[in-house]
Amino acid sequence: MENRSQVIFDRNTVEFVTVAAEFCAFLERAESRKRKDFVDTALKILPLLYIKALMVPSCEMPGDNAPETFVTEEDYEVLRLTLAHLMGEKDDYLEVFLQDMVYSDTPIKKNISEDLADIYQDIKNFVSVFKLGFDETMYDSLAICKENFELYWGQTLVNTMRALHDVRYNRLGDEAEEDMEDEQID
């Protein structure tokens, strides 16, 4: 158990937990933000989350007893819908890094809101287990989160950043963006 304690209290783990908690809080407050502000902040916090996840020490996957999950389907759906409303017509983007793309003649549409909700679900479950403060479940949750980062949400995060970058810097839609911000104020 000593080695597990070293991993969960490692400086890199603590920094990842801190950024992960801030990421969750940021998404939970999204409803009160304007799209431009949300996108600008997301483009700052997502790379930081990615870097901190990369630096988490290696962990062994737990046995059969996975830690408790906290994000319900309703929580997920409320967040996804909130983000979809905030992103509006800018929510959709074309995905090129899916395995299915190899066999497809048509582009595959993804949503920024769904991607962020997917990342949030894994991160929020991890942070919630960490808050409980039990070393064994903290370690197991960290190991699961790290594996999910490597297999799934890390790629989703960078794909979403690409889409958010396009929303932020695509100059063709500036007039429409200003109109959308005016509508959100009303």
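Overview of results
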| item | result |
| --- | --- |
| Residues located in region 118-129, provided they are over 16 Å from Y50 (Cα atoms) and either of a type in the set (K, R) or at pLDDT below 95 (or both) | none |
| When residues of region 107-117 are limited to those that are within 13 Å of the chain's Cα centre (by Cα) and crowded, with 20+ Cβ neighbours inside 10 Å, the one nearest to L48 (Cα to Cα) | L116 |
| Elements of type helices (runs of 4 or more DSSP H) contained in region 1-110, each with 1 or more residues being closer than 20 Å to Q155 by Cα | 11-28, 35-54, 73-87 |
| Looking only at region 66-83, and only at residues there that are closer than 30 Å to E136 by Cα and of a type in the set (S, T, N, Q), the one that is modelled with the highest pLDDT | T72 |
| Residue in region 4-19 that is more than 18 Å from S128 (Cα to Cα), hydrophobic (A, V, I, L, M, F, W, C) and without any contact (Cβ under 8 Å) to a residue 24 or more places away in the chain present | no |
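Okay, residues lined up against (1) loosely packed, with under 15 Cβ neighbours inside 10 Å; (2) at pLDDT 95 or above; (3) out of contact with any Gly (no Cβ under 8 Å at 6 or more places or on another chain); (4) not β-branched (V, I, T):
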| residue | (1), (2), (3), (4) |
| --- | --- |
| R4 | no, no, yes, yes |
| F16 | no, yes, yes, yes |
| F23 | no, yes, yes, yes |
| S58 | yes, no, yes, yes |
| H85 | yes, yes, yes, yes |
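Conditions (1) more than 24 Å from K34 (Cβ to Cβ); (2) exposed (fewer than 15 other Cβ atoms within 10 Å of the Cβ); (3) touching a strand residue (DSSP E or B) at 6+ places or on another chain (Cβ under 8 Å); (4) not polar (S, T, N, Q), marked per residue:
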| position | (1), (2), (3), (4) |
| --- | --- |
| E95 | yes, no, yes, yes |
| Q121 | yes, no, no, no |
| F126 | yes, no, no, yes |
| T137 | yes, no, no, no |
| F149 | yes, no, no, yes |
| L164 | no, no, no, yes |
| R168 | no, no, no, yes |
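The values are calculated or read from the model by the stated rules, or taken from the named source; none is laboratory data. All values reported here derive from a predicted model rather than from experimental measurement. Heads up, the Cβs are rebuilt from the backbone with ideal geometry, glycines too, and the neighbour counts pull from every protein chain shown.
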